[in-house]
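Since the structure comes first, as structure tokens, the remarks are kept for the end.
The values are calculated or read from the model by the stated rules, or taken from the named source; none is laboratory data. It should be emphasised that the depicted structure is a prediction, and the values quoted were computed from it without experimental measurement. Backbone-built Cβ (ideal geometry, glycine too); neighbour counts: all protein chains shown. What goes into the accessible areas is simple: the full protein's heavy atoms, side chains included, and nothing from ligands, DNA or RNA. Shrake-Rupley method; radii C 1.70, N 1.55, O 1.52, S 1.80 Å.
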Amino acid sequence: MRCPFCSNPESKVVDSRPSDEGASIRRRRECLVCHKRFTTYETMESLPMVVIKKDGSRQTFDKSKLLNSMIRACEKRTVPFDTLSRIADEIELTLQNEMDREIPSARIGELVMEKLKDVDEVSYVRFASVYRQFKDISTFMEELNKLLKER
């Protein structure tokens, strides 16, 4: 790591500690030439995930879009934002752990429905109605009946 003061490539690590809830490591360094101290952050490099949409187009995975869709489904419900944020983090982690860089949007939708079902059944049905594009009341009732049988 080059010193920002004298550009010397040699430095020593004086202190290391986790930062950003363990997502990175903060390092205090000291230049071996000018002896000035500076801070660096080390983060894990992650490969971008690509979502394959229903129409075949591709988009970079965006956790905020996932979170916004869940917020819409939970509108006027008593589901805390922290719960939805945690679910979005869990889904992102699940997808990253699968090591598949191209994810069908259907896979993401199924994961959201699986998580929402445990949190709030009304929100689950709202999300499912948009995600599964219910054509009529009978398909909507089928989903409700499945939900009732699982209780």
Original post:
Residues in the range 86-119 near a label at Ser46, defined as backbone nitrogen under 15 Å from the 7 Å Cα→Cβ point?
Top reply: 86-103
**OP:** Any chance you could run the full-extension gain for Glu10 through Leu93? It's 0.36 nm times the residue separation minus the Cα-Cα distance, nm to one decimal.
**Re:** 26.3 nm
Original post:
Separation of the range 1-53 and the range 84-115 by C-alpha centroid, Å?
Top reply: 30
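Here is the link list: Lys76/Lys115; Lys65/Lys146; Lys36/Lys63. Which ones come out longer than 30 Å on Cα distance?
Lys36/Lys63
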**OP:** Might you report the magnitude of the Cβ-based charge dipole of the chain about its Cα centre, with Lys and Arg at +1 and Asp and Glu at -1, to the nearest 20 debye?
**Re:** 460
**OP:** Quantify, in whole percent, the carbon and sulfur part of the accessible surface of the chain (1.4 Å probe; protein heavy atoms only).
**Re:** 51
Subject >> Per residue accessible area of the range 38-85, 1.4 Å probe, in Å² >> reply: 73
Original post:
So what are the radius of gyration and Dmax for the Cα set of the chain, in Å?
Top reply: 22.7, 76
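Please give the FRET efficiency for Val122 paired with Ser64, using the beta carbon to beta carbon distance and R0 = 22 Å, rounded to the nearest 0.05.
Efficiency, rounded to the nearest 0.05: 0.40.
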Original post:
Gaussian network model of the chain, Cα springs within a sub-10 Å range: biggest mean-square fluctuation belongs to which of Ile87, Ile137, Ile103?
Top reply: Ile137
Original post:
Which whole-number percent is the relative contact order of the chain (Cα, under 8 Å, 6+ apart)?
Top reply: 15
**OP:** Treating the angle as unsigned and between 0 and 90°, give the value, to the nearest 10°, between the Cα long axis of helix 121-131 and the longest Cα principal axis of the chain.
**Re:** 90
Original post:
Ranked highest first by average number of other Cβ atoms within 10 Å, how do 111-118, 127-134, 8-15 line up?
Top reply: 111-118, 127-134, 8-15
Original post:
Angle between the Cα long axis of helix 63-73 and the longest principal axis of the chain, 0 to 90 degrees, nearest 10?
Top reply: 30
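Sum -39500 (n - 2.57) across every DSSP H segment of at least 4 residues in the chain, then divide by the residue count to get the 222 nm mean residue ellipticity, nearest 500.
-14500 deg cm²/dmol
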Original post:
Helix 81-97 sits at what angle to the longest principal axis of the chain, using alpha carbons and giving 0 to 90 degrees rounded to 10?
Top reply: 80
